[in-house]
Structures are given as structure tokens and as C-alpha cells.
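Attaching a single structure in C-alpha cells format; questions to follow.
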Amino acid sequence: DAEITQSPRHKITETGRQVTLACHQTWNHNNMFWYRQDLGHGLRLIHYSYGVHDTNKGEVSDGYSVSRSNTEDLPLTLESAASSQTSVYFCASSVRIGATDTQYFGPGTRLTVL
Amino acid sequence: KNQVEQSPQSLIILEGKNCTLQCNYTVSPFSNLRWYKQDTGRGPVSLTIMTFSENTKSNGRYTATLDADTKQSSLHITASQLSDSASYICVVSLQQAGTALIFGKGTTLSVSS
């Protein structure tokens, strides 16, 4: 079955280290997204991509980067991890059908920055 | 400012009972409204999507309503089950080029036996 996976599921790192979170989908969706979820906040968009080599900044993109070299993967990189980036990160993919698109979310990665 | 407010923040009900969750939004221009269910430790899963022309949509025991004039939506759960215990998130999409989703903070529902 087609699916969207994230790895690792849990990660502990130290302040200042570079961290990359993986996202892989097998639906062949053009659209992919990264969100973070924190207590007291709704999900917030970090970066998104509408296709290969396309990337766009979201609401909370500072300190994060993405690259899209193929349809299936959108890795998220924290260039120099900060404690404020401790969060749960969700990847999603979608395809537009008519006037709407449904986003399918991965299981999440819990990142702790010490 | 584009905002999505949900109430109540949390809710506890007995198994078999019905409940209604509320969502108010100030998003403009509006494209569509979605309800997601998020189980603990998992990603959100879509329940319903409604455009401004739709005022009700059902998915099994879940029924969402939308009043685009008052900018209010509700999610009604019928005959609740233990498996309904989760966070329910209201999400509003902006009508613009590209994807712009405004997420509510969610209502945490606990169903007890």
C-alpha cells in the first residue's frame, strides 16, 4: 500500500548540531509539506514543495531548510539545532482533486535538542 | 489576522453519548474547511473537507456542519466509542495560489467507559 513514512521517529541531539529528518512518500504526490507541532499551538508550516526542485518557505522557516531532488522525498534539515526547535515534526503530502486537496500526514518525528 | 479558534479545549464524555465540537474562524478569503482526527503519537487523519457551498458532510458517525455566513463549523460525533478518544483539529484553507492552511489548536476528546 502507498504510504508516507518519517525517520527517525525519535531523535535527541545537542545544540549546534546539524540534524536531518527524512520524509518519504510512495503516492507519487507532487505536493509535500513539513510542519511542527508544539503544545499550545496548532500545526505550523515550516516549508513546502510543489514538485521536484521547488521549495517554499512557510510560517516558521527560520533555521530550517529543505531540498526536493525527486518526487518521493523531502528531507528537512536543521542547520544548527536550537532548544527552541524541540518539537514534534510532521511531514505531509497531497494531490489536488478538483477544488480541494487532502493532506496525508506521516507518523511524526519527536526531536529533542539538549 | 487569520485565526481558527476551537472550543472546548478538552471534553470528557461517556461511551455511547453524543458530542459536538465547535470551530470559529476569521480566515479570509475562505476556500474550504477541514476536520482532522489525531490519535496520540500519530499524524492527523482527514475526516471531512467542506467548501463554502457545502453546509454539511458526514463520514460514518462524524458529521461536520459549516455556516460560511457566521464563519462557524461544528463536528458532531454520534454514539461515541473509546476509539474516538483523540484530538480533533479544525483547519481552514485560504483561497489563494499555493497551499495556506490555518490550523486550530484542537479539542482533546476523552471517551470513558
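Let me cross-check A:Asp54: its accessible surface, 1.4 Å probe, with only protein heavy atoms counted, in Å² to the nearest 10?
Estimated to the nearest 10 Å², A:Asp54 gives 50 Å².
Please state, to two decimals, what the Cα-based radius of gyration of chain A comes to when divided by 2.2 N^0.38 Å (N = residues).
Computed over Cα atoms of chain A, the ratio equals 1.01.
Got a number for the accessible area of B:Ser112? Probe 1.4 Å, square angstrom, nearest 10.
For B:Ser112, the solvent-accessible surface is approximately 40 Å².
In whole percent, how big is the carbon plus sulfur part of the accessible area of chain A, probe 1.4 Å, protein atoms only? Intermediate values should be presented prior to the final figure.
Details: 2640 of 5600 Å².
Looking at chain A in its full context, I get 47 percent from C and S.
Let me ask something else about it. Taking springs between alpha-carbon atoms closer than 10 angstrom, which of B:Asn55, B:Asn32, B:Asn24 fluctuates most in the Gaussian network model of chain B?
Of B:Asn55, B:Asn32, B:Asn24, the Gaussian network model singles out B:Asn55 as fluctuating most.
Roughly how many debye, to the nearest 20, is the charge dipole of region B:27-73 about its Cα centre, given +1 on each Lys and Arg Cβ, -1 on each Asp and Glu Cβ, and no other charges? Walk me through the numbers before you get to the answer.
Numbers: 6 positive and 4 negative charges, 43 e Å.
Rounded to the nearest 20 debye, it is 200 debye.
Right, another one. Taking the protein assembly as shown on its own, what percent of its Cα-Cα pair distances exceed 23 Å? If you can, show how the numbers build up before the last one.
Working: 12459 of 25651 pairs.
When every Cα pair of the protein assembly as shown is considered, 49 percent fall beyond 23 Å.
At the nearest 100 Å², what buried accessible area, both sides summed, do you get for A and B when the probe is 1.4 Å?
On the way: alone 6280 and 6220 Å², together 11100 Å².
Protein heavy atoms only, the A-B interface buries about 1400 Å².
Now, a different point. Under unit Cβ charges (Lys, Arg +1; Asp, Glu -1), what dipole magnitude, rounded to 20 debye, does the protein assembly as shown have relative to its Cα centre?
Numbers: 18 positive and 18 negative charges, 49 e Å.
So the magnitude is around 240 debye.
Still on this structure, please answer the following. Can you compute the modelled spin-label distance between A:Thr100 and B:Gln22, with each label point 7 Å from Cα toward Cβ, in nm?
Roughly 2.3 nm, to one decimal.
Roughly how many debye, to the nearest 20, is the charge dipole of chain B about its Cα centre, given +1 on each Lys and Arg Cβ, -1 on each Asp and Glu Cβ, and no other charges? Don't jump to the answer; show the numbers that get you there.
On the way: 9 positive and 7 negative charges, 33 e Å.
Charge dipole, chain B, about its Cα centre: 160 debye, nearest 20.
Please work out the FRET efficiency for the pair A:Thr15 and A:Ser67, using the Cβ-Cβ distance as r and a Förster radius of 25 Å; give the result to the nearest 0.05. Don't skip to the answer; put the middle values down first.
Numbers: r = 24 Å, r/R0 = 0.94.
Between A:Thr15 and A:Ser67 the formula returns 0.60.
The values are calculated or read from the model by the stated rules, or taken from the named source; none is laboratory data. All values derive from a computational prediction rather than experimental measurement. Using ideal geometry, Cβ is built from the backbone for each residue, glycine included, and neighbour counts are taken over all protein chains shown. When the accessible area is computed, the model is the full protein with side chains, heavy atoms only, and any ligands, DNA or RNA have been set aside. Shrake-Rupley method; radii C 1.70, N 1.55, O 1.52, S 1.80 Å.
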